[in-house]
Amino acid sequence: DHLKAGLSWYKADSLDRAREAYHIATLDAEGRMVIDSITGLALHKTGVICYDQHDDAGAIQYYRKAITVRDKIFPKAHNDRAHSRTNLATCLRFVGQLDSAVLVTRQTVALYEELAHPDTINWLRCLNELADIALEMEDRQLANSSFATAERLLLAHGRVLAVDTYNSYYLGIRTALNFENYDRAIHYAERAISVAEEAEQDTWLADALAAKA
């Protein structure tokens, strides 16, 4: 019930009340933390609240706690274990801990690759995150391999969400330009343009057109 209350408060944009409800959801009658899937989700959701409040340090703390709990609950590969790691990597990148972000993201990719039914959306976001980090670190090979995997995922599953599809193809443009492969960059720019037009996103379209030019 406390977890449901937290979700409701979050949807109502009452973040402090949501955070308190999530905290209570992690405790037993004696005030001790319970190690179960509800606690893992509550900690993860608290990390999301910190992220929304631009508190990256707080988000990192809660995502790490969520990972600890979820790893105990699910000793084998699981989408929840991977999801918390994807979010953690994003926050680590924001605070400049790029090496740690790459390590966590590689762990996440390995988890998704083991799953019979991976969360395609979050797997794609994870690959986009890894490619973005690699470009920031000027690791062209890592960026290229990450995008190549993301492209295979898109081709295998079709378009997921417009924003994630667009982000993947825009990363493809940036990766191709890093290798000075302009024909390839134009190819992905045209794909990004198509996604932007279908989604009626003028900002995306402007960026993709500028990249193609």
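The values are calculated or read from the model by the stated rules, or taken from the named source; none is laboratory data. On a predicted model such as this, the values are computed, not experimentally measured, just so you know. Cβ placement follows ideal geometry from the backbone for every residue including glycine, while neighbour counts extend to all protein chains displayed. For accessibility, only protein heavy atoms count, side chains too; no ligands or nucleic acids. Shrake-Rupley method; radii C 1.70, N 1.55, O 1.52, S 1.80 Å.
Could you tell me whether residue 103 is open to solvent by less than 10 Å² (accessible area, probe 1.4 Å) and not basic (Lys, Arg)? Taking the combined requirement at face value, the residue does not satisfy it.
Does any residue of segment 116-132 turn out to be among the small types (Gly, Ala, Ser), over 29 Å from residue 15 (Cβ atoms) and touching a Ser or Thr at 6+ places or on another chain (Cβ under 6 Å)? Checked against the condition, which is being among the small types (Gly, Ala, Ser), over 29 Å from residue 15 (Cβ atoms) and touching a Ser or Thr at 6+ places or on another chain (Cβ under 6 Å), segment 116-132 yields at least one hit.
For segment 67-117, the set of residues classified as among the basic types (Lys, Arg) and out of contact with any Cys (no Cβ under 9 Å at 6 or more places or on another chain) consists of 70, 72, 76, 81, 93, 106, listed by residue number.
In segment 25-61, which residues are surrounded by 18 or more Cβ atoms within 10 Å (Cβ to Cβ) and hydroxyl-bearing (Ser, Thr, Tyr)? Once the filter is applied, which keeps residues that are surrounded by 18 or more Cβ atoms within 10 Å (Cβ to Cβ) and hydroxyl-bearing (Ser, Thr, Tyr), segment 25-61 yields 26, 39, 46, 51. On the stretch given as segment 143-154, residues that are basic (Lys, Arg) and either closer than 9 Å to residue 124 by Cα or in contact (Cβ under 8 Å) with a residue 40 or more places away in the chain (or both) total 0. Scanning segment 132-159 for residues that are under 26 Å from residue 198 (Cβ atoms) and among the polar types (S, T, N, Q) returns 146, 149. For the structure I just gave you, tell me whether residue 30 is assigned to a loop (DSSP other than H, G, I, E, B) and either closer than 29 Å to residue 120 by Cβ or out of contact with any Gly (no Cβ under 7 Å at 6 or more places or on another chain) (or both). So residue 30 fits the description; yes.
Among the residues making up segment 62-95, those that are farther than 19 Å from residue 37 by Cβ and open to solvent by less than 50 Å² (accessible area, probe 1.4 Å) are 89, 90, 91, 92, 93. Against the definition (out of contact with any Lys or Arg (no Cβ under 6 Å at 6 or more places or on another chain), open to solvent by less than 60 Å² (accessible area, probe 1.4 Å) and assigned to a helix (DSSP H, G or I)), how does residue 22 come out, yes or no? So residue 22 fails the test. Filter segment 161-184 down to the residues that are of a type in the set (Ser, Thr, Tyr) and without any contact (Cβ under 8 Å) to a residue 12 or more places away in the chain and list them by number. Residue satisfying the conditions is 182 alone.
Applying the condition of being among the aromatic types (Phe, Trp, Tyr) and more than 19 Å from the chain's Cα centre (by Cα) to segment 151-189 and asking which residue is most open to solvent (accessible area, probe 1.4 Å) yields 182.
Conditions tested, residue by residue: (1) closer than 18 Å to residue 142 by Cα; (2) not hydrophobic (A, V, I, L, M, F, W, C).
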{"position": "58", "(1), (2)": "no, yes"}
{"position": "63", "(1), (2)": "no, yes"}
{"position": "69", "(1), (2)": "no, no"}
{"position": "105", "(1), (2)": "yes, yes"}
{"position": "118", "(1), (2)": "no, yes"}
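When 136, 198 are screened for being acidic (Asp, Glu), surrounded by fewer than 16 Cβ atoms within 10 Å (Cβ to Cβ) and under 30 Å from residue 97 (Cβ atoms), only 136 passes.
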